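Below you'll find the structure, written out as structure tokens, and then a few comments.
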Amino acid sequence: MRHEASRRPRVVGELARPVFFVGFMGAGKTSVARRLARTCGVASVDMDTYLERREGKRVKEIFAQAGEDGFRAIETDVLRELAGKEPLLVSCGGGVVKRDENRAILRDAGFVVYLKVTADEAKSRISDTSTRPLFQDLDVARKTSEERLPLYAEVADLTIDTAGKNVATIAREVQSALEKEGILCLQRK
Ligand SMILES: Nc1ncnc2c1ncn2[C@@H]1O[C@H](COP(=O)(O)OP(=O)(O)OP(=O)(O)O)[C@@H](O)[C@H]1O
Ligand SMILES: O=C(O)C1=C[C@@H](O)[C@@H](O)[C@H](O)C1
Ligand SMILES: [Mg+2]
């Protein structure tokens, strides 16, 4: 087994522009970006994790101390910072599309992959919603996800319905689209 893996060619990928994964909480943005990073030899970063490290606080604490507006201001700053780096795979926070300013950054700087999921399916995937301040009540989450549909659609260069598909299948679909669009270039070494 180990022998076979060592004979497999090493893949090094290069991105022409940042790839932003958007979609509702539980859509699989973090999982799919991580998987793609592993299989394509490209770096990925999770916006919520990056933001938490930068601020030295959990998302939940920022919401409690500064409210949603305070969190959104930090989120815009982080998005701008990540958009200006060497192109990366970026799994965005679920609410990144709420601000007009953010949608302009996403569209202008990157290639946007929208992973679609219903609130009900997302709820069944997420074991601990306590870390997601805006996913405390399923009825509210259903409404929020409906309201955001046109915002996700507005920025999307590629839309993938994730229902009934596993992370590996979705990552393969994204990889194939990115290669076709000339966003991802793979070299097998
Ligand atoms: N296609 C899928 N099918 C089944 N489970 C999935 C799928 N994608 C992700 N999951 C599971 O759902 C949970 C949430 O996934 P993930 O953290 O990748 O979503 P996210 O879109 O980044 O959410 P958030 O916006 O809250 O960060 C994880 O436990 C993950 O393993
Ligand atoms: O959908 C949202 O508004 C959020 C999603 C999470 O990724 C975090 O960015 C935060 O909990 C807000
Ligand atoms: Mg995530």
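The values are calculated or read from the model by the stated rules, or taken from the named source; none is laboratory data. From a predicted model like this one, the values you see are computed outputs, not experimental measurements. Positions of Cβ are backbone-derived with ideal geometry, glycine not excepted, and every protein chain shown enters the neighbour counts. Only protein heavy atoms, including side chains, enter the accessible area calculation; ligands, DNA and RNA are left aside. Shrake-Rupley method; radii C 1.70, N 1.55, O 1.52, S 1.80 Å.
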Could you give the accessible area per residue of the chain, probe 1.4 Å, as a whole number in Å²? 54 Å²
Highest-first arrangement of 113-122, 71-80, 177-186, where packing means the average Cβ count within 10 Å: 113-122, 71-80, 177-186
Could you order 103, 38, 58 so the one with the most accessible surface comes first? Probe is 1.4 Å. 38, 58, 103
Accessible area of the range 18-178 with a 1.4 Å probe: how many percent of it is carbon plus sulfur? 47 percent
Treating the beta-carbon of each Lys and Arg as +1 and of each Asp and Glu as -1, no other charges, what is the dipole magnitude of the range 105-189 about its Cα centre, to the nearest 20 debye? 380 debye
Cα-centre dipole for the chain with unit charges at Cβ (Lys and Arg positive, Asp and Glu negative), debye to 20: 1000 debye
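Computed over the Cα atoms of the range 18-178, what is the convex hull's projected area averaged over all directions, in nm²?
Projected over every direction and averaged, the Cα hull of the range 18-178 covers 8.6 nm².
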Charge dipole of the chain built from unit charges on the beta carbon (Lys, Arg +1; Asp, Glu -1), centred at mean Cα; most positive-end Cα among 70, 15, 135 is 15
Using Cα positions and a limit of under 24 Å, work out the lysines in reach of residue 85, with same-chain residues fewer than 8 apart set aside. 29, 57, 98, 180
In a GNM of the chain with a 10 Å cut-off on Cα contacts, which of 123, 57, 29 has the highest mean-square fluctuation? 57
